[in-house]
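The values are calculated or read from the model by the stated rules, or taken from the named source; none is laboratory data. Nothing here was measured: the structure is a model prediction, and the numbers come from that model. Cβ atoms come from the backbone with ideal geometry, glycine included; neighbour counts cover every protein chain shown.
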Amino acid sequence: MNREIIDINDCIILLEEASTDTTLIDSCFFDEPVIAIAFYGAGDVSLNVKYNGKTKTFQHTKGMVLSFYADEKVTFEHHVSADKPLQCLVIATTVKNLDKLPNGEGEFLEQFLYQLVHPKDHYVEGTVFKMNPEMFLLVDQFFNNTYEGGIKMMFYKSYMSALLSHYFGELAIQQSTKINTKLLEKINLAHEILLSDLENPPSLTELAHTIGTNTNTLKKEFKAQFGVPVFKYLQNERLKKAYNLIKKEQKTIQEAAWAVGYDSLGSFSNAFEKKFGYRPSQV
């Protein structure tokens, strides 16, 4: 078992390596509450996180990034075996030191990992994902560093900043994707609502309220998704339905106009001609 602890800029870097011909359990805990990010390198050790009679297990840790809040009552158990060695790099800080971190790390933690900065339990888990190749290479460099003294500290500082930059960059991408996915779901819901009631559609304000956004966002994102403004899309769908009612169901022009929400035959005929190039009487 090799364990190295480095203090840098109100952060602690913990480097742990272990291998065995049989099996062993490496247990550790923090002597004060911390917010930490653990990067698992070339090994594939299994991990148990224990607190309050609960156990969270990770079976395959190779390449995993685990962020968490943990106080003194949380125990981390690494189960090391011949084919599952331990290689773990942990960057940790305390809540009281967040404002002292030099490169805005505290602000990024607040922004991306709010639940860790404001914990509600002895152990709170943040985002878990697999490292990208750049992060994996940086972690490997930590364990293969051969510098000594001041140069070694300079190396650790620069590589820690680089690793955290990639980490927060990945969180930013994930958050953006998550937001875009939720917004797309809302816009698709607005689309379904419009199609379900062509005759009496809701107003823009009502539609935005129903899907949980504001009118400006609704107008902007709907046009981006469907290529036309909300009510231009609604008009097109009304007129296509009216065309089918006249052509395929043999409805009168009056019946078709009423069925899609037009009270005025003149307005209906003008809109119909503008879209299709001929009057509804010519269908």
Across (1) within 17 Å of Y262 (Cα to Cα); (2) free of Cβ contacts under 8 Å to residues at least 40 places away in the same chain, P229 clears everything bar (1)
Among Q115, Q59, the single one that is farther than 25 Å from T177 by Cα and either free of Cβ contacts under 8 Å to residues at least 24 places away in the same chain or in contact with a strand residue (DSSP E or B) (Cβ under 6 Å, 6 or more places away or on another chain) (or both) is Q59
Could you check, for the stretch 99-106, whether at least one of its residues is surrounded by fewer than 17 Cβ atoms within 10 Å (Cβ to Cβ), assigned to a strand (DSSP E or B) and either assigned by TED's automatic domain parsing to the domain that holds A42 or under 19 Å from the mean Cα position of the chain (by Cα) (or both)?
no
Please state which one of T181, T213, T127 is part of a loop (DSSP other than H, G, I, E, B), hydroxyl-bearing (S, T, Y) and within 26 Å of the chain's Cα centre (by Cα).
T213
State all residues of the stretch 67-97 that are over 21 Å from K50 (Cβ atoms), buried (at least 17 other Cβ atoms within 10 Å of the Cβ) and not polar (S, T, N, Q); if no residue qualifies, say none.
P85, L89, I91, V95
Tell me which residues, restricted to the stretch 1-47, are more than 25 Å from H166 (Cα to Cα) and either touching a Lys or Arg at 6+ places or on another chain (Cβ under 7 Å) or of a type in the set (D, E) (or both).
D21, D26, D31, E32
Could you grab me the full set of residues in the stretch 216-239 that are outside any helix (DSSP H, G or I) and either over 22 Å from F272 (Cα atoms) or not aliphatic (A, V, I, L, M) (or both)?
G227, P229
Is there a residue being surrounded by fewer than 18 Cβ atoms within 10 Å (Cβ to Cβ), more than 28 Å from E110 (Cα to Cα) and at pLDDT 90 or above anywhere in the stretch 55-65?
no
Index of the failed condition, A224 passing every other in (1) more than 30 Å from V283 (Cβ to Cβ); (2) modelled with pLDDT of 85 or more:
(2)
Please verify whether V49 is surrounded by 14 or more Cβ atoms within 10 Å (Cβ to Cβ), in contact (Cβ under 8 Å) with a residue 40 or more places away in the chain and more than 29 Å from the chain's Cα centre (by Cα), treating the condition exactly as stated.
no
Within the stretch 193-201, identify whether any single residue is among the hydroxyl-bearing types (S, T, Y), part of a helix (DSSP H, G or I) and surrounded by 14 or more Cβ atoms within 10 Å (Cβ to Cβ), and answer yes or no.
no
Considering only the stretch 4-48, state which residues are assigned to a strand (DSSP E or B) and of a type in the set (S, T, N, Q).
T23, S27, S46, N48
Residue pairs meeting the criteria (Cβ under 9 Å; at least 6 apart or on separate chains; first under 20 Å from V128 (Cα atoms) and acidic (D, E), in the stretch 84-112; second at pLDDT below 90 and not in a strand (DSSP E or B)):
E105/N9; E105/L98; E107/L98; E107/L101; E110/L98
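For every residue, the table says whether it meets (1) outside the structural domain of F136 (by TED's automatic domain parsing); (2) in contact with a strand residue (DSSP E or B) (Cβ under 9 Å, 6 or more places away or on another chain); (3) of a type in the set (V, I, T); (4) modelled with pLDDT of 90 or more.
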position: A162; (1), (2), (3), (4): no, no, no, yes
position: F168; (1), (2), (3), (4): no, no, no, yes
position: L183; (1), (2), (3), (4): yes, no, no, no
position: P202; (1), (2), (3), (4): yes, no, no, yes
position: N214; (1), (2), (3), (4): yes, no, no, yes
position: A242; (1), (2), (3), (4): yes, no, no, no
position: K247; (1), (2), (3), (4): yes, no, no, no
Set L24, L15: member being over 22 Å from E148 (Cβ atoms) and either modelled with pLDDT of 90 or more or not assigned by TED's automatic domain parsing to the domain that holds L164 (or both)
L24
